[in-house]
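All remarks here apply to the structure that follows.
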Amino acid sequence: MTKKDISNLHAIHPWHERYISLTADLSPLEVLQEHRHPFDAKELEALGALTYAPGKWTIREILQHLVDTERILGYRALCIARGEQVPLPDYDEAAYGQSIGVANRPITALLAEFDLVRQSNLLLFQSFDEAMLKQVGTAAEKRVSVLAIAYILAGHPLHHLALVRERYLPLRQPVALVVNAPAYLRYFEALNKQWIVKDFVLEPEDIYVLENPQEAIVDRGGVILYAVEQDEVVGTVALQPQGEDWEMIKMAVAENRRRRGIGQFLIRSAIAQAQSMGIERLILHSNSISNAQAVSLYRKLGFTEVPLGKVPYERANLKMEINI
């Protein structure tokens, strides 16, 4: 049996057809195997937290949605194959999406999870005989057969792959990470002064660190990271030793480059750099009101709030840390 046989079992709902139509005309097992690895991890990793419009999912959120849907469709196939006639419920993908906490999960881990669930569904469909594939039930208020679910399973990731290629990949701009480049020190000063004076005043510690970054950071064993796009420095962040602690300081992104995932790229890079240096914990200070968007990003990437204690800046009303 192939997808050509579905219409002999029931009318194909338009919602299902948009997935089924994307698949090859193979047997259920063959089609699930054929479309098992639709995504390229490196290609997705390059997208970071980019979205093509406000409120749209990031790549990581899309991948978690694919994992969730793969599980749900597999469960529907199992129930209907066993003769279940009670209508199976729908699920609110938008509500599920609000509960997805994947900002800190590697792309490779999400793809591996998807593949494991797909392997489970392959074994499930391998256990179905022709009579089971022909079973028809109701799910999400739509009549659907076990046979049709195989092609919906195969086509659902292909649908999102097309969206990624059409709407996400064009957003890519190659952003390179540069570490401790003396020629870029002036950008470290300029980008940070730009955001500080917008909402606050430059404090003595700001002036010392920004005007003497080599002495204040690099000569003490710290590092300054730069996000460079087409030979232009578009963001910076630094790791500075503070007694027994290491602090992530002076994270800045050029105003005309914001909302493109560069801030997240810098934070992830700083965490990775700290890990490579054997640092076990990073702290940071911020302002929960004026820097609310940055604080939200810190939380998404694993930083948690801790008691404020002594602060290096008057504007700081929040201290966070992450164990690496």
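The values are calculated or read from the model by the stated rules, or taken from the named source; none is laboratory data. The shown structure was predicted, so the numbers you read here are calculated from the model rather than taken from an experiment. Here the Cβ positions follow ideal geometry from the backbone for every residue, glycine too, while neighbour counts run over all protein chains shown.
Tabulated data
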| read-out | value |
| --- | --- |
| Residues of segment 164-205 that turn out to be modelled with pLDDT of 90 or more, outside any loop (DSSP other than H, G, I, E, B), in contact with a Phe, Trp or Tyr (Cβ under 7 Å, 6 or more places away or on another chain) and of a type in the set (D, E, K, R), as a count | 1 |
| Lone qualifier among L282, L308 - being without any contact (Cβ under 8 Å) to a residue 40 or more places away in the chain, of a type in the set (A, V, I, L, M), in the same structural domain as D199 (by TED's automatic domain parsing) and not in a helix (DSSP H, G or I) | L308 |
| Residues of segment 236-266 classified as touching a strand residue (DSSP E or B) at 6+ places or on another chain (Cβ under 7 Å) and under 21 Å from A316 (Cα atoms), total | 16 |
| Odd one out for Y226 among (1) crowded, with 17+ Cβ neighbours inside 10 Å; (2) in a helix (DSSP H, G or I) | (2) |
| Y52 surrounded by fewer than 20 Cβ atoms within 10 Å (Cβ to Cβ), within 30 Å of R260 (Cα to Cα) and among the aromatic types (F, W, Y) | yes |
| Filtered residues of segment 15-29 (kept if aromatic (F, W, Y) and buried (at least 16 other Cβ atoms within 10 Å of the Cβ)) | Y19 |
| Of the criteria (1) touching a residue at least 40 places away in the same chain (Cβ under 8 Å); (2) surrounded by fewer than 18 Cβ atoms within 10 Å (Cβ to Cβ), which one K198 fails | (1) |
| Options V117, V144: the member that is in contact with a Lys or Arg (Cβ under 8 Å, 6 or more places away or on another chain), under 25 Å from Q85 (Cβ atoms) and surrounded by 14 or more Cβ atoms within 10 Å (Cβ to Cβ) | V144 |
| Residues (outside any helix (DSSP H, G or I), in contact with a helix residue (DSSP H, G or I) (Cβ under 8 Å, 6 or more places away or on another chain) and closer than 20 Å to W15 by Cα) located in segment 86-139 | L88, Y91, K134, Q135, V136, G137, A139 |
| Residue within segment 39-54 that is under 29 Å from L147 (Cα atoms) and not assigned by TED's automatic domain parsing to the domain that holds E229 present | yes |
| Residues that are more than 26 Å from the chain's Cα centre (by Cα) and assigned to a loop (DSSP other than H, G, I, E, B), drawn from segment 232-256 | G243, E244 |
| Qualifying residue in segment 120-138 (condition: farther than 29 Å from I59 by Cα, aromatic (F, W, Y), modelled with pLDDT of 95 or more and assigned by TED's automatic domain parsing to the domain that holds R60) | yes |
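Yes/no matrix, rows are residues, columns are (1) over 18 Å from the mean Cα position of the chain (by Cα); (2) buried (at least 21 other Cβ atoms within 10 Å of the Cβ):
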| position | (1), (2) |
| --- | --- |
| Q85 | yes, no |
| A95 | no, no |
| T138 | yes, no |
| I149 | yes, yes |
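Residue-wise test of (1) without any contact (Cβ under 8 Å) to a residue 24 or more places away in the chain; (2) β-branched (V, I, T); (3) outside any loop (DSSP other than H, G, I, E, B).
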site: I6; (1), (2), (3): no, yes, yes
site: D25; (1), (2), (3): yes, no, no
site: Q64; (1), (2), (3): no, no, yes
site: Y75; (1), (2), (3): yes, no, yes
site: E84; (1), (2), (3): no, no, no
